[in-house]
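Okay, so here's the structure we're looking at.
We did not get these values from a lab; they are worked out from the coordinates using the rules stated. Nothing here was measured: the structure is a model prediction, and the numbers come from that model. Here the Cβ positions follow ideal geometry from the backbone for every residue, glycine too, while neighbour counts run over all protein chains shown.
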Amino acid sequence: MSNRYTYSAPVLTKLALFLSQRTEPQYRIAAACNMSPSRLSEYVNGKRHIATHHLEALAAYLKCDCREIMGVAESELVED
């Protein structure tokens, strides 16, 4: 009998790591980048790929390179 429910472990995104080092709340960052707080939360939790226009806005607001906030944190990568 197959399991109808799947579970995936939480993904630690680079964006989540980057934001964890900041003091301002996510809703203010989202507003400054012209997105809803729920959309930013989806990006932070790895539930949605970051749209290019949001990625550029986040990088400009956070004063970082886009590559610093894209993708999965290296600590989550598993080598075979």
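So, in region 18-59, how many residues would count as being surrounded by 14 or more Cβ atoms within 10 Å (Cβ to Cβ) and in contact (Cβ under 8 Å) with a residue 24 or more places away in the chain?
Summing the residues that are surrounded by 14 or more Cβ atoms within 10 Å (Cβ to Cβ) and in contact (Cβ under 8 Å) with a residue 24 or more places away in the chain in region 18-59 gives 12.
R28 is checked against (1) within 19 Å of V72 (Cα to Cα); (2) charged (D, E, K, R); (3) assigned to a helix (DSSP H, G or I) and fails just one. What number does that condition carry?
Condition (1) is where R28 drops out.
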